[in-house]
Amino acid sequence: MSIHTNQELIAKVRNAFQQKYNSEPLLVFAPGRINLIGEHTDYNDGFVFPAAIDKGIVCAIQKTTATSCTMYALDIKSEHSFDKQNLAPITNGSWKNYVLGVIFEVVKKYNLDSNFNIVFAGNIPSGAGLSSSAALENSIVFGLNELFALEMSKEEMIYISQKAEHDFVNVKCGIMDQYASMFGQENSALLLDCRTLKSELFKVDFQDYEILLINTNVKHSLADSAYNDRRNVCEKIASLLKVTALRDVTKEALLSIKETLLEEDFLKGLYVIEENERAIKASDALKENNVQLFGELMFGSHNGLQHQYNVSCVELDFLVDFAKESKHNIGARMMGGGFGGCTINLVSKKEVSTFKEEIAAAYKKEFSKACSFYQVQLSKGTHCI
């Protein structure tokens, strides 16, 4: 199903580019990502456990002799022309700033000898916490790298994507999303050390269970500001303890400054320390084929995100609480920045349809709106088509 869907997406983007610019483009696919466990640890130099998925962004790009560059968001039929040598963030620029930020960083480092046109579209559900933004950034930097033979490493490219988000979008994201989208491999997850950018590849086999994403179809407005606020709290604690990042803090060290912290900030710090431990334990559980333990760690992760880090919301909590009571589900947690988006679940392969029916009915009854379901395959990272 997903391969077929991606082929349709590729054809749609290629055709749109050919019709619009009358030339044959270079095509790049950049996937979205899921994160099995290890949430809000990446910007604390910690451990995360993401995987690329079979939904993403297709970007078509080609040089042009025109006097300016253009980019076209096919899904929303929105076009923007720009001078690549004179770029700045656009107020309320939405999707444009992700693209312009990447181009700005590339132009700063490299001489691009001509202008270019871009068309892109995707099949990542909007607001689902599957990192459509990182996929878009990666598709642009990868496309420019190929088109102009810049010979950037994948590592260099993901730092450009991250810097674009920091400076043009003003979200101080960690490196996980860009890394997973760039380096992902089929049927595998990456235990990533966000300090060293070294990762260990794990073949993912949940045996009788499969990954099911459930989208709350809500996105509460405080998501971005709350993200930056929490990052500031983490950096303040690290600074008080004179270390580089919360990655370096033990529970004992955190307890030693508890009196100087607000209770809510102490709990946020504690969450990050415990979540790093859970990510390592989860990788050990995969090595030992202990799917039940993996599921328990997911529930533990959500509990911390809900009660300590305070980035959940009633809709996410409802879905996780329902999953906890279901005999068909052995692990669930919110995934992504929080305040909406998806839960990630480990559901019995035999009972997926039953579980979906039950939780859909309960969610509709509780919130008078529908949730959505996505079954995803773990796939390879950003690549030319």
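Some notes on this structure:
- 13 Å beta-carbon shell around residue 178, net charge (K/R +1, D/E -1): -4
- Under the convention that each Lys and Arg Cβ holds +1 and each Asp and Glu Cβ holds -1, the size of the dipole of the chain around its Cα centre is about 660 debye.
- Within straight-line cross-link reach of residue 350, aspartates and glutamates at Cα separation under 12 Å, skipping those fewer than 8 residues along the same chain: 208, 210
- Radius 11 Å from Cβ of residue 50, net charge of other residues (Lys, Arg +1; Asp, Glu -1): -2
- The C-alpha atoms of the chain define a longest principal axis, and helix 352-367 lies at about 90 degrees to it.
- The chain pair-distance distribution - Cα-Cα, 20 Å bins, rounded %: 29, 56, 15, 0
- Rg/Rh, computed from the Cα trace of region 147-224 with Rh as the Kirkwood radius, has the value 1.04.
- Sites residue 200 and residue 327, calculated FRET efficiency, Cβ-Cβ separation with R0 35 Å, nearest 0.05: 0.60
- Full-extension gain in nm, residue 107 to residue 284, via 0.36 nm per residue minus C-alpha separation: 59.5 nm
- Among 75, 317, the order of accessible area from largest down is 75, 317, computed with a 1.4 Å probe on protein heavy atoms.
- Convex hull of alpha carbon positions in region 247-385: directionally averaged projected area 11.5 nm².
- Computed E for residue 66/residue 94 - FRET, C-beta separation, R0 35 angstrom, nearest 0.05: 0.90
- Pairs spanning more than 19 Å between alpha-carbon atoms, out of 12/55; 109/172; 77/154; 63/163; 219/349; 55/324: 109/172; 77/154; 63/163; 219/349; 55/324.
- Within straight-line reach of residue 20, meaning a Cα separation under 16 Å, sit the following aspartates and glutamates at least 8 residues removed in sequence or on another chain: 75, 79.
- Cα gyration tensor, region 76-173 - rounded (a/c under 1.5), prolate or oblate: rounded
- 3J(HN,Hα) along region 259-268, derived from phi through the Karplus expression 6.51 cos²θ - 1.76 cosθ + 1.60 where θ = phi - 60°, amounts to 5, 8, 10, 5, 3, 5, 6, 4, 5, 5 Hz, with x in place of Gly and Pro.
- For region 1-57: rounded, prolate or oblate by the Cα gyration tensor [a/c cutoff 1.5]: prolate
- Theoretical gain in end-to-end length, residue 225 to residue 314 [0.36 nm per residue, Cα-Cα removed]: 30.2 nm
- Value of D in µm² per second that Stokes-Einstein yields for region 52-100, Kirkwood Rh from Cα pairs, at 37 °C (0.692 mPa s): 261 µm²/s
- Partners for residue 369 among aspartates and glutamates (Cα-Cα distance below 20 Å; same-chain residues under 8 apart left out): 315, 317, 321, 357, 358
- Placed amide H near residue 380: partners under 5 Å, 5+ positions off or other chain: 186
The values are calculated or read from the model by the stated rules, or taken from the named source; none is laboratory data. Owing to the predicted nature of the structure, the values given are computational and were not obtained by experimental measurement. Don't worry about glycine lacking a Cβ; one is built from the backbone with ideal geometry, like all the others, and counts go over all protein chains shown. Areas reflect the complete protein model, heavy atoms only, side chains present, ligands, DNA and RNA absent. Shrake-Rupley method; radii C 1.70, N 1.55, O 1.52, S 1.80 Å.
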